[in-house]
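Enquirer: Below you will find the structure I want to go over with you.
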Amino acid sequence: MSFRLHNTATRTVEEFVPLERGVVRMYVCGPNLYGPAHVGHGFSYAFFDVLRRYLEYRGHRVLHVQNFTDIEDRIIERATREGRGVAEIAQEYVDRFFREIDALGVRRADYYPRASETIPKIVEIIAGLIARGHAYRVNGDVYFRVSSFPRYLRLSGRSLEEMQAGARIDPDPRKEHPMDFVLWKAAKAGEPSWPSPWGPGRPGWHIECSAMILQYLGEQIDIHGGGEDLVFPHHENEVAQSEAFTGRMPFVRYWLHNALMKPPVGEEMHRHLGNFVSLQDALRQYSADAIRLFYLSAHYRTPVRWTDEALRASTRGLERLRTALTNAEEAIARTSDREDAGLTEPARRAREAFEAAMDDDVNTPQAVAALFTLAAEINRVADGALKGSGQGRAGLWVASDTLRDLAQVLGLSLQRPGVTARLVPALQAVLADVRTHAAELFPEPASTADPEHLIRTLLAGRERARARHAYDVADRVRARLGELGILVEDLPTGPRWRVASPDGREPSPDARQPRP
RNA sequence: GGCGGCGUAGCCAAGAGGCAAGGCAGGGGUCUGCAAAACCCCCAUCCCCCGGUUCGAAUCCGGGCGCCGCCUCCA
């Protein structure tokens, strides 16, 4: 089956065929660096990361470029207000952006151009547009002449007439047409500016993306992505500038737009509304995998609401996938059978269902469902193996390998968080505590600096306690470990522990420590 | 006003003419000292409402009701 994507330009799901066989040129609109990223940004980046991973899984080489808007009204406003440099603020948020998307497990794009570094290309394009009659100068400003571009508004499916009927702002009287948009803004006192044939100034917002695409990806690209709020005017204007400049169309073969995330309360999450959940806060409360599983729980064109309830549900669901892998490992370690116990076929079916779902306009909810179905099959066989049927070693290996591989395409690591050295003092305190109750059960461990060794020591002592029916001691160990976020489970094969906070949350390892 | 989207179980969410995926929560059971995990079973005769088309509709058509987005900045 072919890979199909919803193209905003046609509003239909189309078969995806890249311009150049085996190579996909993809550009995704990046952040305006005037403030922190929120979970809605994270959703967009994570979704396009999944798209990129799947394209690569399907054998394409993906050239991925994402911009940083580092010169723009809001950053300038902020710099002025705080008495700081524009570049300083931009750099602060670039650094933070990378910390956060790295923590989220978003693979980095091939290149992250900044508007301020793309000025020569921007000037070249504007000069070309003026020369071709697609743009005009008004004092130091330069505007795009929409009347010169008949295809204007085709992407967003509007008409100039209706746009004006619904206009919510007073048009600048200096413009030839109310819908003409700015390509170059003349410098104002105190603002950063660059020289140009029209005098010092800075680029308008839309032109940077056109310039970056032309500079780094070419005159025609396969995929251009971003939030659906960017369709108009941002992407519409990009099309106009780019196609008017190059004379080639389509500038973009497939326009992809993700739905916007809804805040816990209200309908729109926006930085300027102040109702956002920052990516940083999200990562402090939930693991990257849980956040990504939540993102993938709905189709990318369906708006989802960020709620603690939903994130906890995703954390639990994630735990189920991880447990399947753990169960498989334990079953494999305890069986010698070479038969597949009927798991090879379910693994193949899961991969087939996964690919069919992803092929259908990146239907991640269905793809995730395939993962859960496979996890259930793994658990079924692992359960049987641990209960003594002793079968399934080969099948468990194949099935868990498949689960890991498919999860990886979704950017899910399925890694359990480990215990950190920070827990050592607390674990030592637990040991000292139980030793006052039953020192004979808990001999001094060889090492008191390794958290895992301390946990093993405690659990070994607890097993001795259980063997003597000293359940008060055994339960005390389990309760104290539970307070530290370590869940103890007594399986038929012996005790097992894992990190799992009782409130259903699970911070991302990198985000646990508050920043200084 | 123009353009567009949505309404599926307690919650989240797929499905888009052939008889309702998956997750979370919940109930019963197996296992277990208990708890947890896992497994087994149960949990929408029905998909906002009313008409219509069809052998057959949650899916198509018509009409309602409700919610939301874009038309300034925004992932």
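Enquirer: Taking the Cα atoms only, what angle lies between the long axis of helix A:424-438 and the longest principal axis of chain A, rounded to 10 degrees?
Expert: 20
Enquirer: Would you tally the net charge around residue A:225, using a Cβ to Cβ cut-off of less than 11 Å, leaving residue A:225 out, and scoring K and R as +1, D and E as -1?
Expert: -2
Enquirer: Whole number in Å², please: accessible area per residue of the range A:421-511, 1.4 Å probe, ligands, DNA and RNA not counted. Walk me through the numbers on the way to the answer.
Expert: Values: 4620 Å² over 91 residues.
I get 51 Å² per residue for the range A:421-511.
Enquirer: May I ask for the Rg/Rh ratio of chain A, computed from Cα atoms with Rh as the Kirkwood radius, given to two decimals?
Expert: We get a ratio of 1.07 for chain A.
Enquirer: Spin-label point model (7 Å from Cα, Cβ direction): what's the residue A:348 to residue A:366 distance in nm?
Expert: Label-label distance for residue A:348 and residue A:366, simple model: 2.1 nm.
Enquirer: Measure off 7 Å from each Cα along the Cα-to-Cβ vector at residue A:413 and residue A:448, then give the distance between these two points in nanometres to one decimal.
Expert: Once both label points are built, they end up 3.1 nm from each other.
Enquirer: Whenever you get a sec, compute what percent of the accessible area on chain A sits on carbon and sulfur atoms (1.4 Å probe).
Expert: Of all accessible area on chain A, carbon and sulfur atoms account for 50 percent.
Enquirer: Once fully extended, how much extra length lies between residue A:58 and residue A:424, figured as 0.36 nm per residue of separation less the alpha-carbon to alpha-carbon distance?
Expert: My answer for the length gained is 127.3 nm.
Enquirer: Taking the radius of gyration and the Kirkwood hydrodynamic radius from Cα positions alone, what is the Rg/Rh ratio for the range A:342-381, to two decimal places?
Expert: For the range A:342-381, the value is 1.01.
Enquirer: May I ask you to derive the FRET efficiency for residue A:174 and residue A:78 from their Cβ-Cβ distance with R0 = 22 Å, giving the value to the nearest 0.05?
Expert: Efficiency at R0 = 22 Å is approximately 0.20.
Enquirer: How many Lys pairs in chain A lie less than 23 angstrom apart by Cα atoms, where the lysines are 8 or more positions apart or on different chains?
Expert: Taking the Cα cut-off of 23 Å, the pair count is 4.
Enquirer: Let me ask something else. With equal scatterers on the alpha carbons only and no solvent term, can you work out the Debye log10 of I(q)/I(0) for the range A:20-285 at 0.08, 0.09, 0.10 1/Å?
Expert: -0.33, -0.42, -0.52
Enquirer: Between the range A:470-502 and the range A:443-464, how far is it from one alpha carbon centroid to the other, in angstrom?
Expert: About 13 Å separates the Cα centre of the range A:470-502 from the one of the range A:443-464.
Enquirer: Now for a separate question. Taking K and R as +1 and D and E as -1, what net charge do the other residues with C-beta under 11 Å from the C-beta of residue A:146 add up to?
Expert: My count for the surroundings of residue A:146 gives 0.
Enquirer: Next question, about the same structure. The range A:249-349: D in µm²/s via Stokes-Einstein (Kirkwood Rh, Cα pairs, 10 °C, 1.306 mPa s)?
Expert: On the way: Rh = 17.0 Å.
Calculated translational D: 93 µm²/s.
Enquirer: Among A:152, A:22, A:193, which residue has its Cα positioned farthest towards the positive end of the charge dipole of chain A, with +1 placed on the Cβ of Lys and Arg, -1 on the Cβ of Asp and Glu, and the dipole taken about the Cα centre?
Expert: So the residue furthest toward the plus end is A:22.
Enquirer: Another question, if that's okay. Normalised by the number of residues in chain A, what is the relative contact order in percent for Cα pairs under 8 Å and 6+ residues apart?
Expert: 15
Enquirer: Then there is this: Is it possible to state the helix-based mean residue ellipticity at 222 nm for chain A, with each DSSP H run of 4+ residues giving -39500 (n - 2.57), the sum divided by total residues, to the nearest 500 deg cm²/dmol? What is it?
Expert: After summing the helix terms and dividing by the residues of chain A, the value is -14500 deg cm²/dmol.
Enquirer: So how tilted is helix A:364-384 from the main axis of chain A? Cα-based, degrees 0 to 90, rounded to 10.
Expert: For helix A:364-384, the angle is close to 10 degrees.
Enquirer: Could you tell me how many degrees, from 0 to 90 and to the nearest 10, lie between the Cα long axis of helix A:86-104 and the main elongation axis, the longest principal axis, of the Cα atoms of chain A?
Expert: Tilt of helix A:86-104: around 40 degrees.
Enquirer: Send over the per residue convex hull volume for the range A:288-409, Cα only, as a whole number of Å³.
Expert: Normalising the Cα hull of the range A:288-409 by residue number yields 83 Å³.
Enquirer: Given the C-alpha centroids of the range A:91-125 and the range A:7-61, what is the distance between them in whole angstrom?
Expert: Going from one Cα centre to the other spans 15 Å.
Enquirer: Over all distinct Cα pairs, what is the inverse of the mean 1/r for the range A:421-511, reported as the Kirkwood hydrodynamic radius in Å?
Expert: After inverting the mean inverse Cα-Cα distance, the result is 13.5 Å.
The values are calculated or read from the model by the stated rules, or taken from the named source; none is laboratory data. In this text, all values refer to a predicted model and were calculated from it rather than measured experimentally. Glycine gets a Cβ as well: all are built from the backbone with ideal geometry, and neighbour counts include every protein chain shown. What goes into the accessible areas is simple: the full protein's heavy atoms, side chains included, and nothing from ligands, DNA or RNA. Shrake-Rupley method; radii C 1.70, N 1.55, O 1.52, S 1.80 Å.
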